[in-house]
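The values are calculated or read from the model by the stated rules, or taken from the named source; none is laboratory data. No experiment lies behind these values; they were computed from the predicted model shown. Here the Cβ positions follow ideal geometry from the backbone for every residue, glycine too, while neighbour counts run over all protein chains shown.
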Amino acid sequence: MRSGHKEASKRLYEIAEAQQGFFTTKQAKAAGFAENTHPYHVQAGNWIREHRGIYRLASFPRGERPDLMLWSLWSRNRGEVAQGVYSHQTALSLHDLSDIMPAKLHMTVPRSFRRNSEIPRVLVLHFADLPQGDIGVANGVRVTRPMRTILDLLEGGEVLPGTLRQALREGLRRGLIRRSEIAEARKHLADSKQLRAFFQKVAA
């Protein structure tokens, strides 16, 4: 019995290790922990319940941004695949392209995304079906790539064009954005005088 628990603990640790110490109810069950034992592990101090259906190993070192992994797991579908991609102001901050520190976490989810429960107040959801090429990774979670991030913010208008211009130049300087991406964006946005002017000023 003890060896079975040891194996289950090992499997759970391997799952949690890839997720900054976090794991879901389904993942714990898959590792070998029956659901009726989960409250015991919380009471015993082995696990910390972070949100409905999401736990964290108490012994695992706390990361710099545990909130990012927590809400990424919250966005998972029935197949346990995270649907959310951090975007907009949050992505700009994660790419270190601006000093903007948004009070809430901005996340883009597929248009088909649905939740029966209330959306946590810390999240601002944007609905769009992102091409795989617009998605990267930062802090161990999915995030929109810098060029897509800037285009989303330009469209939304919540961030001043001057701030985005500075972010675009910084992205170019650090190799996070390619000139070819700018050329592609300008081609697709040819019908917008405002956006044409934005890119012209960057190129100047």
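How many residues are of a type in the set (Ser, Thr, Tyr) and either in the same structural domain as His51 (by TED's automatic domain parsing) or assigned to a helix (DSSP H, G or I) (or both) when one looks only at region 66-100? Walk me through it before giving the result.
Of region 66-100, the ones of a type in the set (Ser, Thr, Tyr) are 72, 75, 86-87, 90, 93, 98.
Those still in the list that are either in the same structural domain as His51 (by TED's automatic domain parsing) or assigned to a helix (DSSP H, G or I) (or both) too: 72, 90, 93.
Number satisfying all stated conditions: 3.
Starting from region 29-52, keep only residues that are over 17 Å from Tyr13 (Cβ atoms) and outside the structural domain of Glu17 (by TED's automatic domain parsing), then list their pairs with residues that are at pLDDT below 95 and surrounded by 13 or more Cβ atoms within 10 Å (Cβ to Cβ) whose Cβ atoms are within a distance under 6 Å, requiring at least 6 positions of separation or different chains.
That search, which allows pairs on different chains as well, returns nothing.
I'd like to know if region 21-37 contains one or more residues that are closer than 30 Å to Arg173 by Cβ, surrounded by 20 or more Cβ atoms within 10 Å (Cβ to Cβ) and out of contact with any Ser or Thr (no Cβ under 9 Å at 6 or more places or on another chain).
Residues of region 21-37 closer than 30 Å to Arg173 by Cβ: none.
Among the residues of region 21-37, not one is closer than 30 Å to Arg173 by Cβ, surrounded by 20 or more Cβ atoms within 10 Å (Cβ to Cβ) and out of contact with any Ser or Thr (no Cβ under 9 Å at 6 or more places or on another chain), which makes the answer no.
Pairs needed: first member in region 65-83, within 14 Å of Thr25 (Cα to Cα); second member anywhere, of a type in the set (Lys, Arg) and surrounded by fewer than 21 Cβ atoms within 10 Å (Cβ to Cβ); C-beta distance under 8 Å; at least 6 residues apart or different chains.
What qualifies is Glu80/Lys26.
Need the failing condition index for Gly63 against (1) within 16 Å of the chain's Cα centre (by Cα); (2) in a loop (DSSP other than H, G, I, E, B); (3) at pLDDT 90 or above; (4) under 14 Å from Gln19 (Cβ atoms), just the number.
Among (1) within 16 Å of the chain's Cα centre (by Cα); (2) in a loop (DSSP other than H, G, I, E, B); (3) at pLDDT 90 or above; (4) under 14 Å from Gln19 (Cβ atoms), the lone unmet condition for Gly63 is (3).
Can you tell me which of Leu68, Leu97 is under 20 Å from Ala18 (Cα atoms) and not aromatic (Phe, Trp, Tyr)?
Values: Leu97 fails: under 20 Å from Ala18 (Cα atoms).
One residue alone meets the criteria, Leu68.
Could you list, in sequence order, all residues of region 128-171 that are over 21 Å from the mean Cα position of the chain (by Cα), assigned to a helix (DSSP H, G or I) and free of Cβ contacts under 8 Å to residues at least 12 places away in the same chain?
Gly162
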